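Take a look at the structure below.
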Amino acid sequence: MSLTQRCSMSKVHSADIAIFFAAVTFVSGAAHAETFGLPSASIGNGWTYDPYGRFVMAYQAFDDGQDTTSNIVDMSTSTSRFGFYLKRKDTDDGVSFQFETGLGLRGSSKTSQTNTPDLFGWDRKQFRQVQVIYRGAFGTLRAGQGSMATDSIAELDLGKTTVVAKSNISEMGGSYQFRTTGGALSGIDLGDTFDSFDGDRKFRLRYDTPDWNGFSIAAAYGEEILTSGVDDTFYDVALRYAADFGRLKLSAGLGNSYVDVAGGATDYTTAGSVSVLDKNTGLNLTLASGRDATATQPSYVWAKAGWDADFASVGVTRLYIEGFWGSDYVSAGSESEMWGLGVMQRIKRYNLDVFAGYRVFSFSDTSATQYQDGEALQIGAHITF
């Protein structure tokens, strides 16, 4: 039975559907206002309060070869959030403050065959950015909870489809397990077998150099304070490059992340990505790769080819195909493969994207156990304000 057939037979809680459509109706109605957005405000003495946010919801279904699990989810790839800056009016230089939190909606990375979190469940792990920022001629210094230097280093994508397609597959359903050909859940999930080794957010001190002909370097040192019982130390460094050559636009990055594990060992990973866009044709190509230097030393290559087409006057239509090839995840000698395709329609007037993505996953190892392929479908909408 195909995934689409299974989806037509699968059950999603009626309350979730009601909330989903209520949210979509609210967002759509708000989007029809020409002035949709969160207004900035002066707060005296030359300072401004500058709020922002995004909202995304999707229908997500996963077929493990035997059963289909479906839910209404927030896309963990581009989490629904609210944030604001407090900064000097008409300038980004000097001191500013940023606060940003996720809304606590059920993430696409959390649902599985055995677990369906509540649709809403905010906790302190939702804090994304709580930091003081200082920008000057010497560069940018950030202190507090926020992105490490390598956060998004494996996700640079000029094709602008990261809400539904990017190298960090664990954010897009990483808790779903492969099912063996014997019919049992294997305990091996997509997050175990398709890790991109991208950076994360910590309570840290981060420094970014000024831009030098498109090049910049970032370094960070920090700790995990939002999860109890983690006494490790984290530090990383990343090199980025961005350039516009007229017809061609390029974005690239490479970084190393290190973890001094409580007890003495040091783990480290390397990851990077490069993306090229031909502005005349809309064709774009994005590549990402990474390697974990510890344990079985897993590594991967992810590729996505896209086309930004002007089919509709409302905005660009983004078409893409993607593939992931990994080895040595979970155990030495294993192979992880994925292919996918999808579409995203931009409705420029309202900062709205409507998307659909389909993926097929396979995993094999050197044991006698064989695993069934998994299929994933995600259909949703994403708005920024």
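The values are calculated or read from the model by the stated rules, or taken from the named source; none is laboratory data. Note that this is a predicted model, so its numbers are computed, not measured. Neighbour counts are summed over all protein chains in view; Cβ atoms, including those assigned to glycine, are modelled from backbone coordinates with ideal geometry. Side chains are part of the model used for accessible areas, which takes the heavy atoms of the whole protein and leaves out ligands, DNA and RNA. Shrake-Rupley method; radii C 1.70, N 1.55, O 1.52, S 1.80 Å.
Couple of notes before you dig in:
- Once the Cβ-Cβ distance of residue 40 and residue 134 is raised to the sixth power relative to R0 = 25 Å, the FRET efficiency obtained is 0.75.
- Computed extension gain for residue 223 through residue 120, at 0.36 nm per residue and net of the alpha carbon distance, reaches 34.4 nm.
- Surface analysis of the chain yields an accessible area of 46 Å² per residue, using protein heavy atoms and a 1.4 Å probe.
- Here the alpha carbons of region 333-382 define both size measures, Rg and Dmax, at 16.4, 55 Å.
- Normalised size of region 216-366, defined as Cα radius of gyration per 2.2 N^0.38 Å with N residues, equals 1.30.
- In this structure residue 285 has an accessible area near 90 Å², from a 1.4 Å probe over the protein heavy atoms.
- Dipole of the chain, positive direction: furthest Cα of 366, 253, 316, with charges on the beta-carbon: 316
- Counting lysine pairs in the chain whose alpha carbons fall under 23 angstrom apart, excluding pairs fewer than 8 residues apart on the same chain, gives 21.
- Accessible area ranking (1.4 Å probe, heavy atoms, ligands and nucleic acids excluded), largest first, for 188, 153, 217: 217, 188, 153.
- Ratio Rg/Rh, restricted to region 40-87 and using Cα atoms, in which Rh is the Kirkwood radius: 1.37
- Reference-scaled alpha-carbon Rg (2.2 N^0.38 Å with N residues) for region 90-183: 1.46
- Of the residues 280, 234, 336, the one whose Cα sits farthest toward the positive end of the charge dipole of region 226-385, with +1 on the Cβ of Lys and Arg and -1 on the Cβ of Asp and Glu, is 280.
- Computed helical MRE - 222 nm, the chain, DSSP H runs ≥ 4 contributing -39500 (n - 2.57), nearest 500: -2000 deg cm²/dmol
- Area of residue 366 that stays accessible when all protein chains are in place (1.4 Å probe, Å², to 10): 110
- Computed E for residue 67/residue 325 - FRET, C-beta separation, R0 35 angstrom, nearest 0.05: 0.80
- Rg and Dmax over the alpha-carbon atoms of the chain stand at 21.2, 70 Å.
- Carbon/sulfur fraction of accessible area - the chain, other protein chains in place, 1.4 Å, %: 57
- Residue-by-residue Karplus 3J(HN,Hα) for region 136-144, coefficients 6.51, -1.76, 1.60, Hz, glycine and proline x: x, 4, 7, x, 10, 10, 10, 9, x
- Ligands, DNA and RNA aside, residue 223 has an accessible area near 100 Å² when probed at 1.4 Å.
- From phi via Karplus (6.51, -1.76, 1.60), per-residue ³J(HN,Hα) for region 106-115 in Hz, x at Gly/Pro: 4, x, 5, 7, 9, 7, 7, 5, 10, 8
- Contact order relative to length of the chain, as percent, for alpha carbon pairs under 8 angstrom and 6 or more apart: 14
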